[in-house]
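Before any comments, here is the structure.
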Amino acid sequence: MEPVSIYTVDTCKPSVTSVPNDSKAKSYTFDEVIDFIGFGRTTVHIFLASSIVMMAVLNETMGISIVIPAAQCDLNLSSTDKGILTGVSFAGIIVSSHFWGYIADTKGRRSTLIVSLLLTATCALVSGFSINFTMMAVMRFLVGVFVSAPSATIFAYLGEFFKTTKRTIVITYASVAVGLSGVFTATTGWYVLSFDWEVLLPGVAFTLRPWRLLFIVYTLPTLIGACWLIFLPESPKFYLSRDRQSEAFAILQRLYLENHPNATVDDFCIKHIVPEAGQKIRSKDSRSATGCWHVARSMWNQTVPLFQKSNVVNFTICCVVQFGLFVVSAGMGLWFPDIVNRITTSNTTDTTVCDALSTTLIYSNATEDRLESTSISPVCNDNVNERVFIYAMTLGGLYTVLYLVMSALMQKLGRKSVVGFNLFFSGFSGIILQFVSNPYITVALFCFFLVFAGTSISILNGATVSFFPTNVRAMAVCLSLMMGRLGSVFGSNLVGLIMEQNCTLTFFLFASGSLVCAVLTLILPS
């Protein structure tokens, strides 16, 4: 049997009060070292910076849905154009996920996050100065390409500063920022777009208006997150996985000293950490990769372990569940404002959701026929209905509250119980809302249907960080989230195709998706 490698640092003096209790042990697991380091100032900074990054990702991908209606007249956007701009960022995320997973697993979490966030902010700011649909589409696609990295890597980065049993809980607490993002984009959008000013710039082909300023506002968390990460350390778990033990121990010592202001270098007396199985072999392979062919082979080698016997079942379930969760929460969620608006403005009372949608569809078609018969040309209207902001704020508030509640419950009930309940309740709400005639109860059930599925995404990401070895962890999260983005595109298009023809079937299909995901998550390890 191959001897186990031990990492050694000799620059510390034993201290009875500071070392872990087992005085005879010569090596410790990474979780034991994290316990010894404790939770302090630097760990709080890592947690808050990660939360800001999570918020930034949602701002960049979902905030566009608020900006586009206000920009449609200036950019002369058709309905098709608006649909493309809403989803083009997801296309960028999908095509680049594999690449960013490889970069984060081989070059480092922190450096990948900083570079990708700065590139995301640059493209987002440039998109605010777009003069036509083509320029906007290209820039939003590039935003998707670059934001793909932090959308997944941030979970691996944050999780690796905490012991395995606490990772999912910590990530769920940080995901409160996802709900706050919905509140932030809605409130700032409502405020900025309430103004009606314009600035004509001489020699330039566009006019500055509030919607362009909104792009800058939405990009602020991206810039703040990137700048904050510059002052934070790389994941020591990543360095250990690449056989760079001296750098890992330097960071662990820094964390200990900064978390314990009264401690000295001599107090940090962890000398040995047992590496993960096969760690040295992986690190040697990574250092031998140079040139395009070797990089391609290295990417392949980073992906293959996910399909080996020890990982393939968990990885497949994670991908399938992510696909299903995004189908429900994002696919149906993109239609949430429109569907709720039609339910609440329906002229009929005491009717089910599908009857209300059918009534508003008939009224809309009749209005269009009347306009066509009288040859009235529609006037471009770029005012955003206040209800859009109210719905977004409500949904964001629900996400925020539910993330906080789930974080507390997971410490007592465990991940499986919480996720299982979430998804079963989501599916139950999606089925029951079709038989309720009160519009307010219908809207409440619709919110539960989306929110209980959506909050499960972050829990699953936190679990994914714990399921897989460090060297393929970011790759696993990136690829599973890539499947999720495919699910959001598939779900939103499916709603557009079948909702008007068969409303009942649509809700049954999506609710069944939540129930299937609930069963699959019960198969995953605790």
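The values are calculated or read from the model by the stated rules, or taken from the named source; none is laboratory data. On a predicted model such as this, the values are computed, not experimentally measured, just so you know. Note that we place each Cβ from the backbone using ideal geometry, even for glycine, and neighbour counts take in every protein chain shown. Areas reflect the complete protein model, heavy atoms only, side chains present, ligands, DNA and RNA absent. Shrake-Rupley method; radii C 1.70, N 1.55, O 1.52, S 1.80 Å.
Residues of segment 481-526 being part of a loop (DSSP other than H, G, I, E, B) and open to solvent by less than 40 Å² (accessible area, probe 1.4 Å), which ones? M499, L524, listed by residue number. Out of S417, S426, which single residue is at negative phi, open to solvent by 30 Å² or more (accessible area, probe 1.4 Å) and among the small types (G, A, S)? Residue meeting the stated conditions: S417. Residues that are closer than 19 Å to Y157 by Cα and at pLDDT below 65 within segment 240-282 comprise E276, Q279, listed in sequence order.
Might you let me know whether segment 5-21 holds any residue that is open to solvent by 40 Å² or more (accessible area, probe 1.4 Å), at pLDDT below 85 and part of a helix (DSSP H, G or I)? Looking for residues that are open to solvent by 40 Å² or more (accessible area, probe 1.4 Å), at pLDDT below 85 and part of a helix (DSSP H, G or I), one finds none in segment 5-21, hence no.
Look through I114, I103 and report the one residue that is open to solvent by 10 Å² or more (accessible area, probe 1.4 Å) and in contact with a Leu (Cβ under 6 Å, 6 or more places away or on another chain). Explain how you work it out, then say what you get.
Values: I103 fails: in contact with a Leu (Cβ under 6 Å, 6 or more places away or on another chain).
Of the residues listed, the single one that is open to solvent by 10 Å² or more (accessible area, probe 1.4 Å) and in contact with a Leu (Cβ under 6 Å, 6 or more places away or on another chain) is I114.
In this structure, is V147 under 20 Å from C478 (Cβ atoms), in contact (Cβ under 8 Å) with a residue 24 or more places away in the chain, touching a helix residue (DSSP H, G or I) at 6+ places or on another chain (Cβ under 7 Å) and open to solvent by less than 30 Å² (accessible area, probe 1.4 Å)? Judged against the criteria, V147 is a match.
Of everything listed in (1) surrounded by fewer than 22 Cβ atoms within 10 Å (Cβ to Cβ); (2) at pLDDT below 90, the single unmet condition for L125 is (2).
Among the residues of segment 86-104, some residue qualifies, meaning at least one is within 30 Å of L201 (Cα to Cα) and hydrophobic (A, V, I, L, M, F, W, C).
Residues in segment 205-220 include at least one that is among the aliphatic types (A, V, I, L, M), closer than 29 Å to R387 by Cβ and at pLDDT below 90. Exactly one residue among Y173, Y157 is surrounded by 24 or more Cβ atoms within 10 Å (Cβ to Cβ) and among the aromatic types (F, W, Y), and that residue is Y157. If you check T120, T86, T112 for being touching a Ser or Thr at 6+ places or on another chain (Cβ under 9 Å), closer than 30 Å to I270 by Cβ and touching a residue at least 40 places away in the same chain (Cβ under 8 Å), only one passes: T112.
Within segment 54-77, the set of residues being open to solvent by less than 50 Å² (accessible area, probe 1.4 Å), over 17 Å from G189 (Cα atoms) and part of a loop (DSSP other than H, G, I, E, B) comprises C73, L75, L77. When segment 419-476 is filtered for residues that are among the aromatic types (F, W, Y) and assigned to a helix (DSSP H, G or I), the ones remaining, listed by number, are F421, F424, F425, F428, F435, Y440, F446, F448, F449, F452, F467. Of the helices (runs of 4 or more DSSP H) that lie entirely inside segment 185-271, those containing 1 or more residues that are among the acidic types (D, E) and open to solvent by 20 Å² or more (accessible area, probe 1.4 Å) span 245-259.
Residues in segment 26-53 that are under 23 Å from A392 (Cα atoms) and open to solvent by 10 Å² or more (accessible area, probe 1.4 Å): S51, I52.
Within segment 468-480, the set of residues being buried (at least 24 other Cβ atoms within 10 Å of the Cβ) and aliphatic (A, V, I, L, M) comprises V472, A474, M475, A476, V477. Note on segment 500-526: residues that are within 22 Å of C354 (Cβ to Cβ) and modelled with pLDDT under 80 amount to 1. Scan segment 294-316 for residues that are of a type in the set (A, V, I, L, M, F, W, C), open to solvent by less than 50 Å² (accessible area, probe 1.4 Å) and at pLDDT 80 or above and the total you get is 2.
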